[in-house]
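Undergrad: To start, I am sharing the structure in question, which I have written as structure tokens.
The values are calculated or read from the model by the stated rules, or taken from the named source; none is laboratory data. Remember, it's a predicted structure, so these values are computed and weren't measured experimentally. Neighbour counts run over all protein chains shown; Cβ positions are idealised from the backbone, glycine included.
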Amino acid sequence: MNEIRSEAIPVERTRVRAWIGRAIACAGVIVLLVQSWQFVSTHPVVLSALIGGSAAALATALGTLPVLLSQRLSDRVQDTLFGFGAGVMLAASAFSLIIPGIAAAKEVGVFGGSAWAAGGVVGASILLGALALLMMERVLPHEHFIKGREGNAARKLRRTWLFVIAIALHNLPEGLAIGVGYAGNEGLRGNALAMGIAIQDVPEGLVVAVALLGAGYRRSFAVALGAASGLVEPIGAVLGAAVIGYSAAMLPWGLGFAAGAMLFVISHEIIPESHRKGHEAFATGGLMVGFVLMMLLDTALA
């Protein structure tokens with residue numbers, strides 16, 4: 001009897017320590033959130049970026065709702081929506097990030113402010129943004145919906161978390177683009193960029209939830225994870241606006257970096273996914289419509 005009691009005591013101590021550790025972690029998270037909100041609320045540009053990123057996250061969550069109603073998308077519709085999202089992101093990269101980035105480089109006077117210098121700075125930052133996403137993809141284990149698992153130690157992680165990392169890699173550039181857009185452009189252009197990304201996030205959220213459902217996950221879990229995937233965007237938006245807001249000289253680099261990250265996702269993820277099932281014409285049509293829609297939003301609201 002005494003031996004049983006002696007064995008139970010270490011178990012109870014372990015449980016108490018675990019609860020204490022969780023309480024400390026929760027307290028730390030609460031303090032971090034409070035301090036973050038104090039910072040965001042005192043910086044109007046960062047606050048605008050947070051609102052824009054949150055709108056995009058909400059659009060992603062709204063896109064997952066039809067899955068709860070047992071709605072299944074055909075492969076052709078999915079590929080068309082993939083193409084639409086690629087078109088929106090492509091136009092956003094060009095009209096909301098690259099062109100303003102070149103103008104900002106000229107205004108700041110980087111390397112003399114000549115056209116060649118401005119284009120070179122933005123071009124270099126585009127390549128850096130794409131390179132950063134490539135390195136993250138190589139380092140972080142993740143799983144594509146069609147290509148399967150990639151990255152170091154991918155076999156050791158549960159399949160769910162591989163999907164989570166893949167979705168985060170996909171949405172992070174969008175959040176960064178929103179934040180940098182607000183930091184580097186007037187309010188209307190930043191709003192147009194956030195609106196365009198939110199529009200393409202609706203079908204993107206639906207496609208993500210449908211893909212998770214097709215991969216064998218429960219309907220409720222697919223919807224919850226698809227909705228949660230958009231939470232990366234307000235975080236990226238705040239990060240992008242906070243970093244670029246400190247220095248005007250960083251603005252061209254930030255705009256180009258965000259554009260390069262988005263271009264990498266378009267070429268490496270979205271377009272290949274939309275062309276694998278033989279619906280290239282529909283995917284291309286969706287891309288053209290998305291590009292024109294985002295172009296109109298940007299030029300009309302700029």
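Undergrad: Looking at Glu269, is it touching a Gly at 6+ places or on another chain (Cβ under 7 Å), assigned to a helix (DSSP H, G or I) and of a type in the set (Asp, Glu)? Walk me through it before giving the result.
TA: Values: touching a Gly at 6+ places or on another chain (Cβ under 7 Å): no; assigned to a helix (DSSP H, G or I): yes; of a type in the set (Asp, Glu): yes.
No; evaluated as a whole, the condition is false for this residue.
Undergrad: Still on this structure, I have one more. Which of the residues that make up region 62-82 are surrounded by 22 or more Cβ atoms within 10 Å (Cβ to Cβ), out of contact with any Phe, Trp or Tyr (no Cβ under 7 Å at 6 or more places or on another chain) and not hydroxyl-bearing (Ser, Thr, Tyr)? Don't jump to the end; show me each part of the working.
TA: Our first condition is that a residue be surrounded by 22 or more Cβ atoms within 10 Å (Cβ to Cβ); within region 62-82, this holds for 63-64, 67, 78-82.
Retained after the next criterion (residues that are out of contact with any Phe, Trp or Tyr (no Cβ under 7 Å at 6 or more places or on another chain)): 63-64, 67, 78, 81-82.
Of everything in region 62-82, those that are surrounded by 22 or more Cβ atoms within 10 Å (Cβ to Cβ), out of contact with any Phe, Trp or Tyr (no Cβ under 7 Å at 6 or more places or on another chain) and not hydroxyl-bearing (Ser, Thr, Tyr) turn out to be Gly63, Val67, Gln78, Leu81, Phe82.
Undergrad: Could you tell me how many of the residues in region 239-271 are under 14 Å from the mean Cα position of the chain (by Cα) and over 26 Å from Arg138 (Cβ atoms)?
TA: Residues that pass the stated criteria total 0.
Undergrad: Restricting to region 53-92, name every residue that is in contact (Cβ under 8 Å) with a residue 60 or more places away in the chain, within 13 Å of His279 (Cβ to Cβ) and of a type outside the set (A, V, I, L, M, F, W, C).
TA: Those that are in contact (Cβ under 8 Å) with a residue 60 or more places away in the chain, within 13 Å of His279 (Cβ to Cβ) and of a type outside the set (A, V, I, L, M, F, W, C): Asp75, Arg76, Gln78, Asp79, Thr80, Gly83.
Undergrad: Moving on to the next point. Out of Ile266, Ile270, I need the residue that is of a type in the set (Val, Ile, Thr) and crowded, with 23+ Cβ neighbours inside 10 Å. Which one?
TA: Working: Ile266 fails: crowded, with 23+ Cβ neighbours inside 10 Å.
Step by step, each of Ile266, Ile270 is checked, and only Ile270 is of a type in the set (Val, Ile, Thr) and crowded, with 23+ Cβ neighbours inside 10 Å.
Undergrad: Tell me the helices (runs of 4 or more DSSP H) entirely within region 13-129 that contain at least 1 residues that are farther than 21 Å from Gly181 by Cβ and at pLDDT 80 or above. Outline the logic, then answer.
TA: Numbers: elements: 44-68, 75-91, 99-108.
The qualifying helices (runs of 4 or more DSSP H) are 44-68, 75-91.
Undergrad: What's the total number of residues in region 200-225 that are buried (at least 16 other Cβ atoms within 10 Å of the Cβ) and in a helix (DSSP H, G or I)?
TA: The first filter runs over region 200-225 and keeps only residues buried (at least 16 other Cβ atoms within 10 Å of the Cβ), leaving 200-213, 217, 222-225.
From what is left, the residues that are in a helix (DSSP H, G or I) are 200-213, 222-225.
So the count comes out to 18.
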